[in-house]
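Heads up: the structure comes next, in structure tokens.
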Amino acid sequence: MARYGQEFKDKAVARLLPPESASIKDVALSVGVSESTLERWRSEALASPTQRREWTPAARFEAVLATSIMDESHKSAWCRSNGVYPHELALWREQAINALGQPGEKRLSAAEAKQDKRRIKELEREVRRKDKALAETAALLVLSKKAEAIFSKYKAEDE
């Protein structure tokens, strides 16, 4: 089975999605990947929200500035071409206004944010480990009760 890089997959899926919206058959022929593989990649890309473009705070601010002078129809067209929902743009605008209005508020540095993310992942890993241990313990308890019931039945028959 051939392995494809993430960048290759992203480019192929991007051709399947708007604004290009090429057919699966055309993309399959041009990139040399089977149609079923492309369909799976597309469904994975549409199912996971993590595949969306990550906008940096500076890029968000630029987007708010660029669209602030536009009327609704031009703003909607801009949103479609850049893959942003209009409500996200409105949220970014509110965030920019709030950030400018509160200069004394402490903001997390990139290192602190990275450390927090690492801590969250560590805690999630620990929770998963404990869930597995709890499930194993519950299974062992159920099995021991079943074994006890079976052997007590044989004991009763012997007497």
### Message
Just the residues that are at pLDDT 90 or above, surrounded by 12 or more Cβ atoms within 10 Å (Cβ to Cβ) and not in a helix (DSSP H, G or I), please, taken from segment 70-101.
### Response
Met70
### Task
Taking Arg42 as meeting all but one of (1) of a type outside the set (Ser, Thr, Tyr); (2) within 30 Å of Leu100 (Cβ to Cβ); (3) modelled with pLDDT of 85 or more; (4) touching a helix residue (DSSP H, G or I) at 6+ places or on another chain (Cβ under 8 Å), write down the number of the exception.
(2)
#### Entry: Meets criteria (modelled with pLDDT of 85 or more and surrounded by 11 or more Cβ atoms within 10 Å (Cβ to Cβ)) for Thr67
yes
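The values are calculated or read from the model by the stated rules, or taken from the named source; none is laboratory data. Keep in mind it's a predicted model, so treat the numbers as computed, not measured. As a convention, Cβ positions derive from the backbone with ideal geometry for all residues, glycine included, and neighbour counts pool all protein chains shown.
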